[in-house]
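Take a look at the structure set out below.
The values are calculated or read from the model by the stated rules, or taken from the named source; none is laboratory data. Here the structure is a predicted model, which means the values were calculated and not measured. All Cβ positions, glycine included, derive from the backbone under ideal geometry; neighbour counts span all protein chains shown. We work out accessible area using only protein heavy atoms, side chains counted, and drop any ligands, DNA or RNA first. Shrake-Rupley method; radii C 1.70, N 1.55, O 1.52, S 1.80 Å.
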Amino acid sequence: MTRVLLTFLLIPSFTLAEDKPAAPATLPGKGLAQHDFFYAGEGKERRAYIVKKGEIVWSYDDPAGKGEISDAILLGNGNVLLAHQHAVKLISPEKKVLWNYDAPAGCEIHTAQAIGKDHVLFVQNGDPAIVKVVNITTGATKREFSIPAGNPKSVHGQFRHARLTAAGTLLVAHMDAGKISEYNAEGKEIWSLPAPKCWGVSELKNGHLLISGGNGAQEVTREGKIVWEFKREDAPDYALANFQLAWRLPNGNTIVNCWFNQWSGKLDPINAPVQALEVTPDNKIVWALRSWEKPDLGPSTTIQVLDEAAEPAENVHFGDIR
């Protein structure tokens, strides 16, 4: 097993010189019209959008809530599952809250995934950190087990993303422990791989893993062999601060989300960074999304492309939970 996986993620965040453009004057692709997509991100406002044919056709705003949207999924029935640090909730297309779970005091929730129509799995940062599956119809806890955190006392930095696999296991990005772990439905760690500063992880159709965070994204085998990677240095004409999630498209391209931290700096609308890049397998940039004004999509954490009919996101299982 390789021990160099994701070491590039340790590179400090890029700092844009005041006289350097944040992106080329002409961006590749067709802007908002490049794809139909669902979009959300970690920002001071809890907002999510559906964009079709270059126009916002649905939006959600939660001014009364708390926290930041770290994970969001559009389900096959049109409902939206959101994890926003202090709660995880399911909302209807009419923006009615169908189910809500508030994080206990001293805990945070940054990732969640629906299982069928009745269950939601989420990772709860805390001391201890736990994986929990709840029946949203009855409110009963179907499964719960603790997982180790790098720093149990520093709750905010423990976990950001977890996803179920085709085999019904759970991949967890242990951000503060610097590794990817796979757990079975009984809570046993059955596999792990070093991944310093990992933010997100998902399983690709070929069984490889797409891991993202910090300075880029990588496709790796379960033995730790890097078969593709995209780093900040591959886009020298762009000011890219932090990568959060990455998504593989059916055409083989990869979308990486380029997050802007609203808490550490003020956005310059005249020289604003892009929110996402789509790159080919040979790292050619074919789409750069930048929409901070008319409309302002806000910071980018996740983009779920809706161009083609796809398996509903909730068609997954965790062991015998379906």
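Here are some notes:
- Condition met for Ala167 (among the aliphatic types (A, V, I, L, M), open to solvent by 20 Å² or more (accessible area, probe 1.4 Å), more than 23 Å from Asp320 (Cβ to Cβ) and outside any strand (DSSP E or B)): no
- Condition broken by Lys266, with the remaining ones in (1) within 22 Å of Ile69 (Cβ to Cβ); (2) modelled with pLDDT of 95 or more satisfied: (2)
- Qualifying residue in the range 84-101 (condition: among the basic types (Lys, Arg) and closer than 25 Å to Gly157 by Cβ): yes
- Taking the criterion of being part of a loop (DSSP other than H, G, I, E, B) and surrounded by 14 or more Cβ atoms within 10 Å (Cβ to Cβ), the residues of the range 267-279 that qualify are Leu267, Ala272, Pro273, Val274, Gln275.
- Residue that is nearest to Lys20 (Cα to Cα), among those in the range 228-245 that are of a type in the set (A, V, I, L, M, F, W, C) and open to solvent by less than 10 Å² (accessible area, probe 1.4 Å): Leu240
- Residues that are charged (D, E, K, R) and in contact (Cβ under 8 Å) with a residue 24 or more places away in the chain, drawn from the range 230-248: Lys231, Arg232, Asp234, Asp237, Arg248
- The range 102-117 residues that are of a type in the set (Ser, Thr, Tyr), paired with ones that are assigned to a loop (DSSP other than H, G, I, E, B) (beta carbon under 9 Å, 6 or more apart): Thr111/Ser70
- Within the range 117-133, tally of residues that are basic (Lys, Arg) and open to solvent by less than 10 Å² (accessible area, probe 1.4 Å): 0
- Filtered by the rule that a residue be among the acidic types (Asp, Glu) and assigned to a strand (DSSP E or B), the range 212-255 gives Glu219, Glu229.
- Flag not set for Ser181, criterion: surrounded by fewer than 17 Cβ atoms within 10 Å (Cβ to Cβ) and assigned to a strand (DSSP E or B).
- For beta carbons closer than 7 Å, sequence separation of 6+ or different chains, a first residue in the range 163-176 that is under 14 Å from Ile115 (Cβ atoms) and a second that is open to solvent by 40 Å² or more (accessible area, probe 1.4 Å) and aliphatic (A, V, I, L, M), the qualifying pairs are Thr169/Ile190.
- For the condition in contact with an Asp or Glu (Cβ under 7 Å, 6 or more places away or on another chain), farther than 26 Å from Ile50 by Cβ and assigned to a strand (DSSP E or B), Lys132 qualifies.
- Residue check, Glu233 over 17 Å from the mean Cα position of the chain (by Cα), at pLDDT 95 or above and of a type outside the set (Lys, Arg): yes
- Here the condition is being open to solvent by 40 Å² or more (accessible area, probe 1.4 Å) and either farther than 20 Å from His161 by Cβ or at pLDDT below 95 (or both); of Gly78, Gly106, Gly54, Gly65, it holds for Gly106 alone.
- Of the residues making up the range 284-322, those that are within 30 Å of Leu170 (Cβ to Cβ) and of a type in the set (S, T, N, Q) are Ser300, Thr301, Thr302, Gln304, Asn315.
- In the range 38-82, of all residues being of a type in the set (Asp, Glu) and not in a strand (DSSP E or B), the one that is nearest to Ile303 (Cα to Cα) corresponds to Glu42.
- Residue, farthest from Trp259 (Cα to Cα), within the range 1-43, restricted to residues that are among the basic types (Lys, Arg) and at pLDDT below 95: Arg3
- Criterion (open to solvent by 60 Å² or more (accessible area, probe 1.4 Å) and of a type in the set (Gly, Ala, Ser)) met by exactly one of Ser192, Ser264, Ser291, Ser212: Ser264
- Selected residue (criterion: most open to solvent (accessible area, probe 1.4 Å)) from residues of the range 137-154 that are among the hydrophobic types (A, V, I, L, M, F, W, C) and more than 12 Å from His174 (Cα to Cα): Ala140
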